[in-house]
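Read the structure below first, then the notes.
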Amino acid sequence: MAVPGSNPRFLEKAQGLPADQVFLDLEDACAPLAKEGARHTIVDALNQGDWSGKTRVVRVNDWTTHWTYRDVVTVVEGAGANLDCVMLPKVQSAEQVVALDLLLTQIEKTMGFEVGRIGIEAQIENAAGLVAVDAIAAASPRLETIVFGPADFMASINMKSLVVGRQPPGYPADAYHYILMRILMAARTHDVQAIDGPFLQIRDVDAFREVAGRSAALGFDGKWVLHPGQIEAANEIYSPAQEDYDHAEMILDAYAWCTSEAGGAKGSAMLGDEMIDEASRKMALVVAGKGRAAGMTRTTSFTPPEA
């Protein structure tokens, strides 16, 4: 959930919303004249607010601006103990991630914080960033997440569209498939999260579902929301359907049984009309893991076949 760092009312409201992560924004959501004050507003919100159950992130300004270093110093020195990650926008090279890592390390050592605890989220928002995404994903052990920033990206490649995340007119296929897959491959190679960017038409929840469904189907871990009305849809789309969750748990139970001594120590078995094996188990672990993380409860149980 994106929250303007300059708006105390929104910062307070966000604490009670059912989002997994909240990022307090010092970049696009803050006017230039409001950025300095927003830093201190964010520090107060992190230190005094109740963010239970949420990952706490601050998005600073990108390295091409003169605000970045002061964003990081003010926020991390002031609220580093209550901060989980720093999001760096418009990342174009691995060196930009390394620079943020070094600055965070210096602050942590100076303030007596645990060195390396605060993570980094890198936002890919232009062609240069996408071309360098593999190096970016490997740039620092602090790197936890790669985030797609569709609006700036669309502008950077001159895409013929004014609706962020929607397919551009005149192109018969999915114009975002390569971008999303490129980010996803880098993320999975380096064992970090892949997060889809925002959909700006906040009142069109059906369109949000359509756009979110694209990255969810590929395997992305989640998506930004800009309005509380998008949260329920996002949580639903990036969680497995009940039927799929039940099936995944059944596969895990059935495979565990068939490979056991009682089940004959077989490498494969039939689950109904479906043959399952080790590859099936790996696929089921992904779906079951997402369902468990979402707090889902299975509605079926596995019964070993009679001898």
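The values are calculated or read from the model by the stated rules, or taken from the named source; none is laboratory data. Since we're looking at a predicted model, the values are computed, not measured. For neighbour counting, all protein chains shown are included, and Cβ atoms are generated from backbone atoms with ideal geometry for every residue, glycine included. What goes into the accessible areas is simple: the full protein's heavy atoms, side chains included, and nothing from ligands, DNA or RNA. Shrake-Rupley method; radii C 1.70, N 1.55, O 1.52, S 1.80 Å.
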- prompt: What is the gain in length, in nm to one decimal, between M283 and V73 on full extension, counting 0.36 nm per residue of separation less the C-alpha to C-alpha distance?
  reply: 71.3 nm
- request: Write down Rg/Rh for the chain, rounded to two decimals, with Rg from the C-alpha atoms and Rh from the Kirkwood relation over Cα pairs.
  value: 1.03
Within the chain: Cβ-based charge dipole about Cα centre, in debye rounded to nearest 20 (Lys, Arg +1; Asp, Glu -1): 660 debye
query: What is the local net charge at T300, summed over the other residues whose Cβ is closer than 9 Å to its Cβ (Lys, Arg +1; Asp, Glu -1)?
result: -1
field: Loop-located GluC sites (Glu not before Pro) in the range 52-155, at most 14 other Cβ atoms within 10 Å (DSSP)
entry: E114
task: Whole Å is fine, so just give me how far the alpha carbon centre of the range 68-116 lies from that of the range 149-187.
output: 29 Å
- request: Specify whether the C-alpha gyration tensor of the range 120-249 places it in the rounded, prolate or oblate class, a ≥ b ≥ c being the square roots of the eigenvalues: rounded for a/c under 1.5, otherwise prolate if a/b is larger than b/c and oblate if not.
  value: oblate
- request: Return the calculated 222 nm mean residue ellipticity for the chain, to the nearest 500 deg cm²/dmol, obtained by summing -39500 (n - 2.57) across DSSP H runs with n ≥ 4 and dividing by the residue count.
  value: -14000 deg cm²/dmol
statement: Once Lys and Arg are counted +1 and Asp and Glu -1 for all other residues with Cβ under 11 Å from that of N126, the total becomes -2
statement: Counting only protein heavy atoms with a 1.4 Å probe and every protein chain in place, the carbon and sulfur fraction of the accessible surface of the chain in whole percent equals 54 percent
statement: The lysines whose Cα lies under 21 Å from the Cα of K54, excluding any fewer than 8 residues away in the same chain, are K13, K223, K290
In sequence order, calculated HN-Hα J values of the range 80-86 (Karplus, 6.51, -1.76, 1.60; Hz; x Gly/Pro): x, 5, 10, 10, 9, 8, 10
Cα→Cβ-extended label distance, 7 Å offset, between E306 and E95, nm: 7.3 nm
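Considering only protein heavy atoms, what per residue accessible area in square angstrom results for the chain with a 1.4 angstrom probe?
Per-residue accessible area for the chain comes out at 48 Å².
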task: Go ahead and set up a Gaussian network model of the chain, Cα springs under 10 Å, then flag whichever of P228, P198, P172 fluctuates most.
output: P172
query: Which of G112, G197, G264 moves most in a GNM of the chain, Cα contacts under 10 Å?
result: G264
- prompt: Which lysines have a Cα lying under 21 Å from the Cα of K160, excluding residues fewer than 8 positions away in the same chain?
  reply: K90
message: List the aspartates and glutamates whose Cα sits under 20 Å from the Cα of K282, skipping any in the same chain fewer than 8 residues away.
response: D191, D221, E243, D244, D246, E249, D253, D273, E274
statement: The local net charge around A212, scoring Lys/Arg +1 and Asp/Glu -1 for residues other than A212 whose Cβ lies under 10 Å from its Cβ, equals 0
field: Qualifying trypsin sites (Lys or Arg not before Pro) for the range 155-242 [loop in DSSP, other Cβ within 10 Å: at most 14]
entry: K160, R203
- prompt: What full-extension length gain, to one decimal in nm, is calculated for A135 and E12 as 0.36 nm per residue of separation minus the Cα-Cα distance?
  reply: 40.6 nm
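Under a Cβ-only charge scheme (Lys and Arg +1, Asp and Glu -1), can you give me the dipole magnitude of the range 14-75 about the Cα centre, in debye to the nearest 20?
120 debye
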message: Antiparallel versus total DSSP beta bridges in the chain: what percent is that, nearest 5?
response: 10 percent
- request: Report, in whole Å, the centroid distance computed from the Cα atoms of the range 212-226 and the range 3-63.
  value: 22 Å
